[in-house]
Structure formats: C-alpha cells, structure tokens
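First up is the structure itself, then whatever we jot down about it.
Each reported figure results from applying straightforward, stated rules to the coordinates on display, with no laboratory input. Since the model is a prediction, treat every value here as computed from it, not as a measurement. Please note: Cβ atoms are built from the backbone with ideal geometry, for glycine as well, and neighbour counts cover all protein chains shown.
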Amino acid sequence: MQMTIATPRMQVWRIDEKFENTPHLHEDQFQVSIPLYGACAFTHENVTYDLTAGEALVQYPQDRHSFTIEEGSGILIVQVDRGSLNRIGAGAPVELSFRQSVDPRQALDHFRSWSGEMFSRDRLDTLAVDELETRILRFLHRELRGSHMNGGNEAPIWSGAEGQERHLARVLAHIREHFAEPLRIDELAAIALQSRFHFIRSFKAFTGLSPYQYVLRTRIEDAKRRLAETDSTVTDIGLETGFSSPSQFYRAFFKASGMTPEQFRVRGGR
C-alpha cells in the first residue's frame, strides 16, 4: 500500500509493501526517511545503512540515495523544500543531523491525522493547505535534532495579554473584511506580528478555532445571511462567500448546519 499527501511545498509518502527504488537525488528538497516497522536497507552516497523502526535519516538536497524495504515493513518519507524547512529555524538556514531518532508510532499517528485533514478539507483553499503544511513543519521542528534547537522560533513582538488581544483583534477584523478572498497564514501572522508557528497556536487559544476553521465559520454565517435576505442562487452565494466550488459549499454548509442551503432557505433562515 502507498499513500501520498502532496502540497505545493512538501510531499509525504507512507509505503507499506515491498519496495525498491533506484539511486536518485532531489534538487532543492530535504528528505526525512522514517522506518515505521520491519527493516529498511537505506543507501546514502554509496553507503548502506540497515535501519529498524524509528532510526531515521536526513537527506539534504543533492544527496544521492535509495532504499529497499521487504514485505512486512513500512516507511514514512517526508520531503520539504529548502525555504519551507528554514521556517522551523525562524527563517535562518537549518542544519539537521544526518541520523535521527523518531518515535514510529507518533509518526504514524501524525500521518493519519494529516491525511484525514487533507481529504476532509478543500484542497484548493490556500489557508487549509497552509495550516496542513504548518502542522507537518511543526512535527519536524519537534522531532528532529538540528540547529533550530538552539533558538527556536522568534518570540512575538507584542508583549503582555493586552498586546496579544489587540493584534489578534486586528487579524479578526481583516478576516471579516476579506473572508471571501484567498487568505494565507503568513499574511495573517504578519498582521499579528508573529511567526506562523506562534500565530496558529495563539489564534486557536484566542478564538477556540484554527484560522481556517474561523474563516470557514465566517463564510457560512455570511452565506446564511444571503440565503435568508437575498434571491441569489445557491451557487452564486457559495462562490461569493469564498468557496471554491458548489460541492465544497454544500459539504461545508451541511456539516455546519445539518441541512442543505436549500433546506435552510425554505425554513426561512432558521
């Protein structure tokens, strides 16, 4: 079995079957190879390492490598472009140790969570993709040993609870004004004067929702208002409130309200 999570800046593979690839390299991507169970024969720059579960290796861009796993073995492969990986070092170039130790059960649990998130959300929504990529980067930040451990991410520029609330309130105001447009995590984090890592955590603590969940709720609330107060078609309302397709609008609306947009309109917006 092979499963893949692919976003614009990273890819994650779970391979649970006999597998062998030929020596290759990646131009601008780091790769983290994490055996999940069984055994893996991994060749890096013509040196072969016999790995067991949790004995992970890091490949830098241009490092030639290949691996083989037999029946009854599994591996998780995470590929991240150089610019994205540097985010875990607050923008500074990150140096990772070649040999790593990663809990395979936690890695597998994270993959299941990421794949569930990938397939339950709109894969065309930039904010949803940004949040998923940030979760994968946070996993790498926490699990891998390297130069990012020396300083961590930059601290928020504001100080005190009042400063936090003031800047997060500016983010909420920005979302309310632009919720129908494509939004990015980095854009919202800049308004809050935070890194994307700090921002997602503080936003959820402040609102109880992730940025994507908050935007989705705002879109649904505006769609309900339009359904109750206008004669616009359901398709037009979905597109005007920021949904990428009618099917995405229907799924999100039903999940939030327990009824279709048409049923909500027939009931008079109640």
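Data for the structure
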| item | result |
| --- | --- |
| Stokes-Einstein diffusion coefficient of the chain, Kirkwood radius over Cα pairs, 37 °C, 0.692 mPa s, in µm²/s | 159 µm²/s |
| Three-way shape call for the range 213-266 based on the alpha-carbon gyration tensor, with the a/c threshold at 1.5 | rounded |
| Phi to ³J(HN,Hα) by Karplus 6.51 cos²θ - 1.76 cosθ + 1.60 over the range 77-85, Hz, x for Gly, Pro | 10, 10, 10, 9, 6, 4, x, 5, 4 |
| Sites matching GluC sites (Glu not before Pro) across the range 14-88 that sit in DSSP coil, with at most 11 neighbouring C-beta atoms within 10 Å | 27, 45, 71 |
| Cα-centred dipole magnitude for the chain, charges only on beta-carbon of K, R (+1) and D, E (-1), debye, nearest 20 | 1000 debye |
| Under the span-like rule (Cα at least 20 Å along the axis, Kyte-Doolittle mean at least -0.5), DSSP H helices of the chain | 126-143 |
| Cross-link partners of residue 224 among lysines (Cα-Cα below 26 Å; sequence separation of 8 or more within a chain) | 204, 255 |
